[in-house]
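First up is the structure itself, then whatever we jot down about it.
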Amino acid sequence: MSDNRMEILSLNEMCEITVMSKNTIIEIVEHGIVEPIGDEPESWRFDTRMLVKTRKALRLHRDLEIDWSGIAFSISLLEELEQLRDENKALIMRLSRFEQGCDSS
Amino acid sequence: MEFKDYYKILDIDPEASDKEIKTAYRKLARKYHPDVSAHKDAGNKFKEIAEAYEVLKNKETRAEFDEIRKYGAQGQSFRPPPGWQSSGNAGRQSASTEDFSDFFSSLFRNANQQAEFDDVARRQGGFGEWGEARPQRGQDIESDLPVFLEDTLKESTHSISFQIGSKKKTLKVKVPAGTGNGERIRLKGQGAPGPGGASNGDLYLRVRLVPHELFDVEGHNLVVVLPLAPWEAVLGTKIEVPTLSGNLRLTIQPNSQNGQRLRIKGKGLPNKQGKHGDLYAVINVVVPPAGDTGTEALWKELAAANKFDPRAEWRK
């Protein structure tokens with residue numbers, strides 16, 4: 001059985017996992033891309049969702065050569081897009097259930 | 001091995017300037033980056049584009065590729081020229097060249113692994129801040145984990161299989177109750193092995209709730225479409241409604257409207273704290289198929305007796 005308990009990560013652990021410097025992670029936080037719990041970098045706590053978002057920010061920064069403020073903007077738009085796609089998918093599904101009702105009559 | 005024409009992949013002329021190469025890469029990368037694109041083969045497309053750019057953006061490796069292109073572009077199957085040795089400059093500025101093609105690996109992968117490793121470590125901030133080089137980690141792996149709605153009611157165990165290089169790996173994973181669509185589960189150290197004894201990468205599983213035959217998901221609430229005959233909606237009735245944990249008896253009030261949402265408390269999906277959302281049954285009045293003359297006569301009688309105008313709003 002693999003270990004996947006809810007994890008809370010420190011700044012140092014985030015650096016180890018992402019193989020990035022503290023300064024890079026601090027920059028990501030300063031741009032509001034992720035919002036760890038805690039006031040000072042030493043007390044910051046990150047959950048898996050924040051780690052996933054940080055990794056996404058790093059990939060976009062590396063592969064698309066976008067600066068951090070551009071990343072912050074892109075990620076919020078991407079999140080909105082994903083939410084709208086999910087909603088759209090759900091509504092299409094719902095509509096098809098009503099239409100099925102019409103077909104059977 | 002398949003010959004890869006990096007110019008064709010970036011859709012540029014072999015005489016393209018450095019600026020044109022960069023522009024072509026940026027344009028295609030924005031289109032196919034797996035974090036941005038909805039294209040179904042985005043991951044592989046982007047890998048090809050990144051590989052092409054990795055070679056063509058560097059003067060030395062581009063010149064090497066131009067040589068190979070003359071030599072290898074004609075044949076069906078490609079083999080590196082005898083005695084071929086690359087300057088090894090590719091892959092020193094981008095982080096993930098591990099999963100580039102065999103063509104890339106055999107031609108441009110640096111022969112001096114240590115130099116590349118030091119370079120990666122330095123670039124990724126391993127020097128200075130920690131005072132010493134940190135070893136590079138193994139590659140992280142991402143995979144989807146389909147989960148049935150029923151499985152989110154309580155902790156469930158799933159068996160997953162995935163590929164690391166040529167090896168197939170199977171794992172058992174616990175998915176906590178209340179796990180939602182799109183959530184990620186991180187399995188520490190279950191990714192690709194680290195080079196030279198460095199720590200393994202991680203495995204990230206993205207939970208995908210499998211669409212249900214009856215229920216739609218709205219956050220932690222569930223929605224079921226409830227078909228009613230016209231007389232059931234008008235006269236009211238008692239019916240059995242399906243929930244994820246068995247059927248429930250539900251009272252339909254007289255004069256219920258089409259589209260009305262009936263709330264069944266606590267029969268939705270749980271959150272991580274164990275609190276359940278609700279189930280909403282949405283009324284869908286269904287007219288029966290053409291019936292016998294007796295039924296038709298009853299409808300006609302109703303029509304004659306009732307002065308109800310469903311389009312009164314139009315005439316205001």
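The values are calculated or read from the model by the stated rules, or taken from the named source; none is laboratory data. Everything numeric in this text was worked out from a predicted model, so none of it was measured. So basically every Cβ, Gly included, is an ideal-geometry build from the backbone, and we count neighbours across all protein chains shown.
Numbers below:
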{"item": "A:F73 more than 9 Å from chain B (Cβ to nearest Cβ) and in contact with a Pro (Cβ under 8 Å, 6 or more places away or on another chain)", "result": "no"}
{"item": "Residue within the stretch B:70-82 that is at pLDDT below 90, small (G, A, S) and not in a loop (DSSP other than H, G, I, E, B) present", "result": "yes"}
{"item": "Tally of residues being modelled with pLDDT of 95 or more and in a helix (DSSP H, G or I) across the stretch A:16-32", "result": "9"}
{"item": "Any chance A:E42 is of a type in the set (D, E, K, R) and in a loop (DSSP other than H, G, I, E, B)", "result": "no"}
{"item": "Residue in the stretch B:284-299 that is over 28 Å from A:I92 (Cα atoms), more than 14 Å from chain A (Cβ to nearest Cβ), among the β-branched types (V, I, T) and in contact (Cβ under 8 Å) with a residue 12 or more places away in the chain present", "result": "no"}
{"item": "Residue satisfying all of: in the stretch A:80-95; surrounded by 12 or more Cβ atoms within 10 Å (Cβ to Cβ) and more than 8 Å from every other protein chain (Cβ to nearest Cβ); modelled with the highest pLDDT among these", "result": "A:L81"}
{"item": "Within the stretch A:63-78, tally of residues that are surrounded by 12 or more Cβ atoms within 10 Å (Cβ to Cβ) and either not aromatic (F, W, Y) or not in a helix (DSSP H, G or I) (or both)", "result": "11"}
{"item": "Residue check for B:K267: in a loop (DSSP other than H, G, I, E, B) and not polar (S, T, N, Q)", "result": "yes"}
{"item": "Single condition B:G201 does not satisfy, out of (1) under 30 Å from B:K172 (Cβ atoms); (2) at pLDDT 95 or above; (3) within 11 Å of another protein chain (Cβ to nearest Cβ)", "result": "(2)"}
{"item": "Residue in the stretch A:3-16 that is within 7 Å of chain B (Cβ to nearest Cβ) and touching a helix residue (DSSP H, G or I) at 6+ places or on another chain (Cβ under 8 Å) present", "result": "yes"}
{"item": "Meets criteria (within 28 Å of the chain's Cα centre (by Cα) and farther than 19 Å from B:E155 by Cα) for B:E240", "result": "no"}
{"item": "Test: residue in the stretch B:286-302 that is within 41 Å of the chain's Cα centre (by Cα) and under 30 Å from B:E150 (Cβ atoms)", "result": "yes"}
{"item": "Candidates A:R49, A:R59, filtered to the one that is at pLDDT 90 or above, within 9 Å of chain B (Cβ to nearest Cβ), under 24 Å from B:D202 (Cα atoms) and loosely packed, with under 14 Cβ neighbours inside 10 Å", "result": "A:R49"}
{"item": "Complete set of residues in the stretch B:157-192 that are in contact with a helix residue (DSSP H, G or I) (Cβ under 7 Å, 6 or more places away or on another chain) and within 10 Å of chain A (Cβ to nearest Cβ)", "result": "B:V175, B:R184, B:R186"}
{"item": "Number of the exception - B:F215 against (1) modelled with pLDDT under 95; (2) under 30 Å from B:S256 (Cα atoms); (3) more than 7 Å from chain A (Cβ to nearest Cβ)", "result": "(1)"}
{"item": "Flag for B:N58 being modelled with pLDDT under 75 and surrounded by 14 or more Cβ atoms within 10 Å (Cβ to Cβ)", "result": "no"}
{"item": "Condition met for A:E99 (exposed (fewer than 13 other Cβ atoms within 10 Å of the Cβ), out of contact with any Pro (no Cβ under 8 Å at 6 or more places or on another chain), modelled with pLDDT under 90 and more than 25 Å from B:A24 (Cα to Cα))", "result": "yes"}
{"item": "Pair list, Cβ under 8 Å, 6 or more apart: the stretch B:252-273 residue without any contact (Cβ under 8 Å) to a residue 60 or more places away in the chain, other residue among the aromatic types (F, W, Y) and not in a loop (DSSP other than H, G, I, E, B)", "result": "B:R261/B:Y280; B:L262/B:Y280; B:R263/B:Y280; B:I264/B:Y280"}
{"item": "Number of the condition not met by A:E35 [criteria: (1) facing another protein chain (nearest Cβ under 7 Å); (2) without any contact (Cβ under 8 Å) to a residue 40 or more places away in the chain; (3) not in a helix (DSSP H, G or I)]", "result": "(1)"}
